[in-house]
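Peer 1: Mind looking over this structure? Questions follow.
The values are calculated or read from the model by the stated rules, or taken from the named source; none is laboratory data. If you're wondering where the values come from, they're calculated on a predicted model, not measured in any experiment. Every residue, glycine as well, gets a Cβ built from its backbone with ideal geometry; the counts of neighbours run over all protein chains shown. Heads up: the accessible areas ignore ligands, DNA and RNA and are worked out on the full protein's heavy atoms, side chains in. Shrake-Rupley method; radii C 1.70, N 1.55, O 1.52, S 1.80 Å.
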Amino acid sequence: MSWTEEEDRKPSLDESKGEHEQNTTKPETDKTDPNKEIWVLLEKTLNENIVEKRRARRWRIFFRFTTIAIFLAVIGGWFAKSNFQDVSLEGDIVAMIPMRGVIGADNEIESSEFVGLLDAAYQNSRLKGVVIEMNSPGGSPVHSGIIYDAIRAKESRYPDIPVVVVVEDMAASGGYYIASAANEIYADKASLVGSIGVISSGFDASNLLEKIGVERRTFTAGRNKAFLDPFAPMTEEAKSKWQAVLDETHQQFINAVKEGRGDRLVITDDVFSGMVFTGSQAVKIGLIDGLASVNDILNARFPNAEPIFYEPKQDSWKELAKELGVEMATKVLNSTNLQ
């Protein structure tokens, strides 16, 4: 085995070469280190950001579910209260029925709703009285008559349960029609009561069409079919027959008031003329029985009875908003994304 000087020198050259390569690559590593640190820092920041977003999302979901749970609990409690309010009561009750607004179909006071409320109130075995809070300018004589008949029927069947009407601002026209069915009527001294009459209003614009050169074309089957057309003159026959309809409706109103008020009513020239009276004037002619508020009646007539309200069912969200307050309900709806 032999060796030469060249072979002995080779490792040294290799070592030198290795050192040279290290020296040449080291600056490159040093050059990339700052970028690498930036990327590491950026990656760390992004990861922390993702973690924060996930944590925020979890809390947001938690709070939404908590809000929905509270919301559903409130709704459940409200329905339980509305459906079982009588169950928790052990003593006597007095049914409170507010009648506020215009009378008629699709209006605030609709006969089908309020007849149903009367039926519901009388189903309670602890019922000791019915108080109707009246505030109406009138409306449909049909719906007024239906509610009137329903009240009279209840009074006949349950003579020991009085029906009392307390007038707020007014009980005029159809509002008084209904009120006259009650056993007793009370009002404030400044309340407006009466207006026992019937009205049908319109206008005649037939001459106006002639002046502006417009010819109206109306086709009917039956000579009186368009007798209320405001763009055509009304015939004497139509006037007479329509007035007969109003007179008969007025007489039905008068008969109802006479039947309801009986001997308490003092008939004067103005009573059935359609005139309205203040509460103080109405007492003198027997349209009402006295001056009193709802609280006065409850304290004097039903001191030991618990007032229970019977009202028409409204939209669930509106009723809930009424219970919670409009602002709170709006916040809850917005937070749960309900529409």
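Peer 1: Across segment 194-217, which residue is farthest from V283 (Cα to Cα) among those that are surrounded by 12 or more Cβ atoms within 10 Å (Cβ to Cβ) and touching a residue at least 40 places away in the same chain (Cβ under 8 Å)?
Peer 2: Per the criteria, the residue is V198.
Peer 1: Given the criterion in contact with a helix residue (DSSP H, G or I) (Cβ under 6 Å, 6 or more places away or on another chain), at pLDDT 95 or above and either of a type in the set (G, A, S) or at negative phi (or both), identify the matching residue among G279, G286.
Peer 2: G286
Peer 1: Is it the case that segment 67-89 has a residue that's modelled with pLDDT under 95, surrounded by fewer than 15 Cβ atoms within 10 Å (Cβ to Cβ), farther than 25 Å from V167 by Cβ and over 27 Å from the mean Cα position of the chain (by Cα)?
Peer 2: Scanning segment 67-89, I find no residue that is modelled with pLDDT under 95, surrounded by fewer than 15 Cβ atoms within 10 Å (Cβ to Cβ), farther than 25 Å from V167 by Cβ and over 27 Å from the mean Cα position of the chain (by Cα), so the answer is no.
Peer 1: Could we say that E248 is exposed (fewer than 15 other Cβ atoms within 10 Å of the Cβ), among the acidic types (D, E) and more than 30 Å from N183 (Cβ to Cβ) here?
Peer 2: Taking the combined requirement at face value, the residue does not satisfy it.
Peer 1: Output the residue which, of all residues in segment 289-320 that are at pLDDT 85 or above and of a type in the set (D, E), is least open to solvent (accessible area, probe 1.4 Å).
Peer 2: Across segment 289-320, the extreme among qualifying residues is D289.
Peer 1: Considering each residue of segment 230-242, count those that are surrounded by 12 or more Cβ atoms within 10 Å (Cβ to Cβ), out of contact with any helix residue (DSSP H, G or I) (no Cβ under 9 Å at 6 or more places or on another chain) and over 25 Å from F253 (Cα atoms), and give that number.
Peer 2: 1
Peer 1: While we're looking at this one, here's another question. Within segment 230-269, track down each residue that is outside any helix (DSSP H, G or I), touching a residue at least 12 places away in the same chain (Cβ under 8 Å) and not β-branched (V, I, T).
Peer 2: Answer for segment 230-269, where residues must be outside any helix (DSSP H, G or I), touching a residue at least 12 places away in the same chain (Cβ under 8 Å) and not β-branched (V, I, T): P230, F231, A232, P233, M234, L265.
Peer 1: Can you confirm whether segment 208-228 contains a residue that is of a type in the set (D, E) and either under 30 Å from S156 (Cα atoms) or within 42 Å of the chain's Cα centre (by Cα) (or both)?
Peer 2: no
Peer 1: Does segment 165-173 contain at least one residue that is over 24 Å from D270 (Cβ atoms), in contact with a Leu (Cβ under 9 Å, 6 or more places away or on another chain) and open to solvent by 10 Å² or more (accessible area, probe 1.4 Å)?
Peer 2: Within segment 165-173, not a single residue is over 24 Å from D270 (Cβ atoms), in contact with a Leu (Cβ under 9 Å, 6 or more places away or on another chain) and open to solvent by 10 Å² or more (accessible area, probe 1.4 Å).
Peer 1: Would you confirm, using the coordinates I've provided, whether E323 is open to solvent by 60 Å² or more (accessible area, probe 1.4 Å), among the charged types (D, E, K, R) and modelled with pLDDT of 95 or more?
Peer 2: No, not satisfied.
Peer 1: Please go through segment 289-303 and give me each residue that is within 31 Å of the chain's Cα centre (by Cα) and of a type outside the set (D, E), ordered by number.
Peer 2: To start, the set of residues in segment 289-303 that are within 31 Å of the chain's Cα centre (by Cα) comprises 291-299, 301-303.
Correct list: L291, A292, S293, V294, N295, I297, L298, N299, R301, F302, P303.
Peer 1: What are the residues in segment 111-134 that are open to solvent by 20 Å² or more (accessible area, probe 1.4 Å), in a helix (DSSP H, G or I) and not aliphatic (A, V, I, L, M), if any?
Peer 2: Within segment 111-134, S112, E113, G116, D119 qualify.
Peer 1: Would you check if there is a residue in segment 135-149 being farther than 21 Å from A292 by Cβ, open to solvent by 30 Å² or more (accessible area, probe 1.4 Å) and in a strand (DSSP E or B)?
Peer 2: Checked segment 135-149: at least one residue is farther than 21 Å from A292 by Cβ, open to solvent by 30 Å² or more (accessible area, probe 1.4 Å) and in a strand (DSSP E or B).
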